[in-house]
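See structure below.
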Amino acid sequence: MTGALYRLGRFCVRYRLAVVVVWVAIAIGLVIGAGALGSKASDDVSLPGTGSQQVTDLLQRGFPSQANGSSPIVLKARGSARVTDSRYADSIDKTVSDLQKDEFVAKVVSPLDRAGAGQVSRDGTVAYISVFPDRSLGDVTIDDAQAILDKADPAKAAGLEVSAGGPLGSKLSKPETEQSEVVGLAIALIVLAFTFGSFVAMGLPIVSALVGVFAGVSGITLLTHLTTVPTSASTLAIMLGLGVGIDYALFILTTHRETLSRGMGVHESVARAVATSGGAVLFAGSTVVVAVCSLAVAGIPLVTALGLTTGLMVAIAIVCALTLLPAILALVGTRVNALPLPGRRPNAAVDVGNSRWARFAGWIMHHPIVSIAVALAILIPLAIPALSLHLGQTDTAALPEEETARQAYDAITDGFGVGANGPIVIAARLSRPAQPGDADLTRLQQAVGSKSGVAAVTPVTLDGPGQIATFNAIPRTAPSDRATEDLVDDLRDTTIPDATRSTDVSAYVGGSTASFIDLGEEIADTLPETILVIIALSFVLLAIAFRSLLIPLKAAVMNLLSIGAAYGVVVMVFQYGWFTGLVGLQGEVPIVSYLPLLMFAGLFGLSMDYEVFLMSHVQEHYKEGLSPRAAIVKGLAESARVITAAAAIMVAVFASFILNGDPTIKQFGVGLSVAVIIDATVVRCLLVPAVMALMGRAAWWIPAWLDRILPRISVEGHGYFRDDEPGGGDAGAPPPTPPSAPSVTPGPRAPVPSEPA
């Protein structure tokens, strides 16, 4: 791998201008294409085999015009006026007429018609037009969805407040991310400036990461025209793309500047940085991609799509770091350290042996038990709340008030009660034709309506042949309320089976609320299996990289601790409602069901960045002959500064998305930023060295039979180059001949301050 990366680095150096032009052309082309076609992202939940999917399938057969759900266009009168006042009649009729002409609308029910009599509140101040799209709203662009809402402009012009609820409102209510991106980039620039001490070096990782993000997000937008992609996929991709893109560039740029400071030529330095640190980037990044793509194991389309789009973004970030950045570095040349910060010497050598990190690592080697106790005293209390993790659904009530979905939610709550925002759909299949007023269906409707948690039920509707029936149950509680979840479970487990016993009616519970409940249950069921698959894959990759069994086992346990602590913080903030004011919310919100799965996969992969970077340095010095503890001290001293800088950038990017108005994105921002803080400090720089100190030489043990069958790779290519002589050859020189494999037998113990006498 080292040789291939070295040749890739030299290729990018030799054809540096062409590489940059190609990348810029690709990014611009994707951006233009995405802008022209728009996004068809959708949060449609498809869950084969669940009750909610059964309802969807029955509606598609019996009521095609209703199969894609209903999106209310909510009308609210101002002051003491009523929506049914004659002065609004013409504008409402005009709105209904325009909606009926829209190419994406199959059916419209006006509140002024007899069929829509139930769509006007008792006090007449709120009403809604039921809009049934002729296809899933995932198959229309955001511009097309906005055009549907714009058909209500006549009602707005007449003085009514207009908003959109349901799937239409959700599609149009995705808060912009620009503020988060600007804040994250600004903090990243500050961290990079102090890390490199140069304004030029500061900007290079940002440029590389931004090109990758533009290409990745545009690519995901184009993918929405080929498959179902959740609306949150692009935002999550931006979060991870910026974070890993800057981090990967940081690792390679750090190595390049170090070799430059030793007098090596620019072109050779760039190629070697790609060959060495680029190997760690490729390995760690591939682990992230494997982890998030492993979400497909869950068998849930929405989760699989999130995993694949996230994996695509990380893969683009890797390729950018390995090709675009080297080309830019070759163009910049020796000016990489230009424009230094006042009072800083960007190319000054750092004496890692006498640094604060070396002294800290030495203290850990002398006090490993104390270090472990301190780390666990931090991690375990944070992780305990994760035991009460409960998966819910997105909460429209927590969206910013300027979003149309939130406005519709509040208006419907005022006019019809909070439960009307998430009606429960009951669909029944009969083995015989039925007529209106059928006794079995009436019994079912009455049984559902008699539940204490049901505020009202709508009339039963039959399809043409009379073999499929449907009606709605309006809960007394909000769609995201646990009481609503309990109601759905009770209807499925007790009420409906009792009401349909000894009849030829088979009834199912569905609708958007039930779909998200099913999604949460599916994820809870598949979470352990998915976690085991991701851990197993990561174990194998680390065992191959470090020729050890205990190191990948240790990494798995450490990652579980840091992720558990992150889960606990998310539960405390969002599920318990502690400190919600600090994240811009007013109280408890449900933890969105797919968050734990995606967080686990992403964080397990991201933590490998720091694991690989730290352990590859430790392994290098252990193979050189240092004792296990001396190798840990030197490895931590060399890598800790870069790890903490990289983590600070990642935290800045993730935490900046807490500013986003979407509570789901806030949850990812809190969870990811807390996990990175914990992993890069408590775990990677305290717990891991302490545990490694106790393991000693056993950490590097591997059975002989396993050592023979595992493929041999060197993550950072240690030993590949014959020497590190200053002024190494420039472009055009043949790659160095790799030496024979270095011996792994430890040499004499090197006395260092951290080694106990």
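The values are calculated or read from the model by the stated rules, or taken from the named source; none is laboratory data. None of the values given here were measured: they were computed from a predicted structure. Don't worry about glycine lacking a Cβ; one is built from the backbone with ideal geometry, like all the others, and counts go over all protein chains shown.
Residue-by-condition table, conditions (1) in contact (Cβ under 8 Å) with a residue 60 or more places away in the chain; (2) under 17 Å from Gly510 (Cα atoms):
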| position | (1), (2) |
| --- | --- |
| His390 | yes, no |
| Ile424 | yes, yes |
| Ala428 | yes, yes |
| Thr442 | no, no |
| Thr470 | yes, yes |
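Under the condition of being modelled with pLDDT under 85 and farther than 17 Å from Ile665 by Cβ, the residues counted in segment 227-251 number 2. In summary, Ala296 fulfils each of the numbered conditions (1) under 30 Å from Pro628 (Cβ atoms); (2) without any contact (Cβ under 8 Å) to a residue 60 or more places away in the chain with the single exception of condition (1). Against the list (1) in a loop (DSSP other than H, G, I, E, B); (2) crowded, with 20+ Cβ neighbours inside 10 Å; (3) without any contact (Cβ under 8 Å) to a residue 40 or more places away in the chain, the condition Leu226 fails is (2). Selection of segment 650-686 for residues being modelled with pLDDT of 90 or more and more than 21 Å from Val570 (Cβ to Cβ) yields only Leu686. All told, Leu491 meets the bar of being crowded, with 18+ Cβ neighbours inside 10 Å, under 36 Å from the mean Cα position of the chain (by Cα), closer than 19 Å to Thr442 by Cα and not β-branched (Val, Ile, Thr).
With respect to Ser656, is the statement that it is closer than 18 Å to Tyr594 by Cα, among the hydroxyl-bearing types (Ser, Thr, Tyr) and in contact with a helix residue (DSSP H, G or I) (Cβ under 8 Å, 6 or more places away or on another chain) true? Considered against the rule, which asks whether it is closer than 18 Å to Tyr594 by Cα, among the hydroxyl-bearing types (Ser, Thr, Tyr) and in contact with a helix residue (DSSP H, G or I) (Cβ under 8 Å, 6 or more places away or on another chain), Ser656 comes out as no.
Scanning segment 137-165 for residues that are in a helix (DSSP H, G or I), of a type in the set (Asp, Glu) and at pLDDT 85 or above yields Asp143, Asp144, Asp150, Asp153. When you look at Phe196, is it in the same structural domain as Leu659 (by TED's automatic domain parsing), of a type outside the set (Lys, Arg), crowded, with 18+ Cβ neighbours inside 10 Å and at pLDDT 90 or above, yes or no? Against the criterion (in the same structural domain as Leu659 (by TED's automatic domain parsing), of a type outside the set (Lys, Arg), crowded, with 18+ Cβ neighbours inside 10 Å and at pLDDT 90 or above), Phe196 does not qualify. Condition (residue is under 21 Å from the mean Cα position of the chain (by Cα), farther than 28 Å from Ala428 by Cβ, among the aliphatic types (A, V, I, L, M) and surrounded by 22 or more Cβ atoms within 10 Å (Cβ to Cβ)) applied to segment 501-520: is it met by at least one residue? There is no residue in segment 501-520 that is under 21 Å from the mean Cα position of the chain (by Cα), farther than 28 Å from Ala428 by Cβ, among the aliphatic types (A, V, I, L, M) and surrounded by 22 or more Cβ atoms within 10 Å (Cβ to Cβ). Here Leu312 does not fit the description of being buried (at least 23 other Cβ atoms within 10 Å of the Cβ), in contact (Cβ under 8 Å) with a residue 40 or more places away in the chain and in the same structural domain as Met615 (by TED's automatic domain parsing). Within this structure, Ile649 passes the test of being within 20 Å of Leu189 (Cβ to Cβ) and not charged (D, E, K, R).
Taking the conditions exactly as written (assigned to a helix (DSSP H, G or I), at pLDDT 95 or above and buried (at least 24 other Cβ atoms within 10 Å of the Cβ)), does Leu325 satisfy them or not? Here the answer is yes, as Leu325 does meet what is asked. Considering segment 597-712, there are no qualifying helices (runs of 4 or more DSSP H) wholly inside with 2 or more residues that are touching a strand residue (DSSP E or B) at 6+ places or on another chain (Cβ under 6 Å), hydrophobic (A, V, I, L, M, F, W, C) and surrounded by fewer than 24 Cβ atoms within 10 Å (Cβ to Cβ).
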